[in-house]
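Bear in mind these aren't lab numbers, they're just calculated from the coordinates by the rules spelled out. All values derive from a computational prediction rather than experimental measurement. Note that each Cβ is placed from the backbone with ideal geometry, even for glycine, and that neighbours are counted across all protein chains shown.
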Amino acid sequence: MNRVVVLLTLLLISAVVWIMDLRRRLQAAQMRGDMYRDISTRLDRRVAELTTQES
């Protein structure tokens, strides 16, 4: 019985650590997505400025 409790406790702890790691990865991916969106917006504005200047 005692081994079962220890095993279940270890499984629970490993599941919590795994979930925390997945959340951290998700947050990092979301931040990268925001960064790329911002860069894309700035480049689009710059292209539009340069296009209007040449015309």
Q) Of (1) 1.06; (2) 1.59; (3) 1.21, which one was derived for Rg/Rh (Cα atoms, Kirkwood Rh) from the structure shown? A) (2)
Q) Any idea what angle helix 2-54 forms with the longest principal axis of the chain, computed on alpha-carbon atoms, 0 to 90 degrees, nearest 10? A) 0 degrees
Q: Could you point to the residue in T41, M20, L10 farthest towards the positive end of the chain's charge dipole, with +1 and -1 charges on the Cβ of Lys/Arg and Asp/Glu respectively?
A: L10
Q) Per the helix-only calculation at 222 nm, which mean residue ellipticity applies to the chain, given -39500 (n - 2.57) for every DSSP H run of n ≥ 4 and division by its residues, nearest 500 deg cm²/dmol? A) -36000 deg cm²/dmol
Q) According to a simple spin-label model (label point 7 Å from Cα along Cα-to-Cβ), what is the distance in nm between D44 and L11? A) 4.9 nm
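If I take R0 = 30 Å and measure r between the Cβ atoms of L26 and Q53 in this structure, what FRET efficiency does the formula 1/(1 + (r/R0)^6) give, to the nearest 0.05? If you can, show how the numbers build up before the last one.
Working: r = 41 Å, r/R0 = 1.37.
With R0 = 30 Å, the Cβ-Cβ based efficiency is 0.15.
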